Amino acid sequence: MFAVNTRAPSQRRIAEPRSDIYHDTGCEVAGSCLQCPLSRCKFDDMEWFIRYRRMAHDLRMAAIIHGEGLSVAQAAERFSITTRTVFRVLRRCRYAMCELTPEEAAVFASLAA
């Protein structure tokens with residue numbers, strides 16, 4: 001014959017609630033996870049967060065270059081980087097504007113400050 005489950009349904013350990021406690025302490029982006037403007041959590045995908053924070057730094061650098069009308073040589077001297085790096089930063093900024101939402105750009109720009 002077949003074995004019959006003799007335990008009553010109330011005795012089964014199917015889906016007990018978790019006993020650990022979560023403290024929503026947020027991060028440098030927002031004080032609370034529920035108030036975070038980012039589309040992803042930095043703790044879920046740290047590489048994504050680092051890449052976009054670097055992108056925000058590049059955007060801030062490009063804004064200074066265009067705002068002050070600096071030449072490539074002047075920008076390289078001001079930021080202590082090579083002229084080739086200035087061209088790379090400007091190229092990455094052209095592509096970055098397509099990837100970031102305005103809210104995310106503002107958040108990452110404030111982090112790069």
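The values are calculated or read from the model by the stated rules, or taken from the named source; none is laboratory data. Source: prediction; values computed, not measured. Note that we place each Cβ from the backbone using ideal geometry, even for glycine, and neighbour counts take in every protein chain shown.
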Looking for something at pLDDT 80 or above and surrounded by 10 or more Cβ atoms within 10 Å (Cβ to Cβ) - is there at least one such residue anywhere in region 3-20? no
Could you tell me how many of the residues in region 73-94 are surrounded by fewer than 14 Cβ atoms within 10 Å (Cβ to Cβ) and of a type in the set (Phe, Trp, Tyr)? 1
Name the residues in region 47-97 that are among the small types (Gly, Ala, Ser) and without any contact (Cβ under 8 Å) to a residue 24 or more places away in the chain, would you? Ala63, Gly67, Gly69, Ser71, Ala73, Ala75, Ala76, Ser80
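Could you say whether any residue in region 95-110 is assigned to a helix (DSSP H, G or I), of a type in the set (S, T, N, Q) and surrounded by 14 or more Cβ atoms within 10 Å (Cβ to Cβ)?
no
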Mind counting the residues in region 25-46 that are free of Cβ contacts under 8 Å to residues at least 40 places away in the same chain and either surrounded by 11 or more Cβ atoms within 10 Å (Cβ to Cβ) or not in a loop (DSSP other than H, G, I, E, B) (or both)? 13
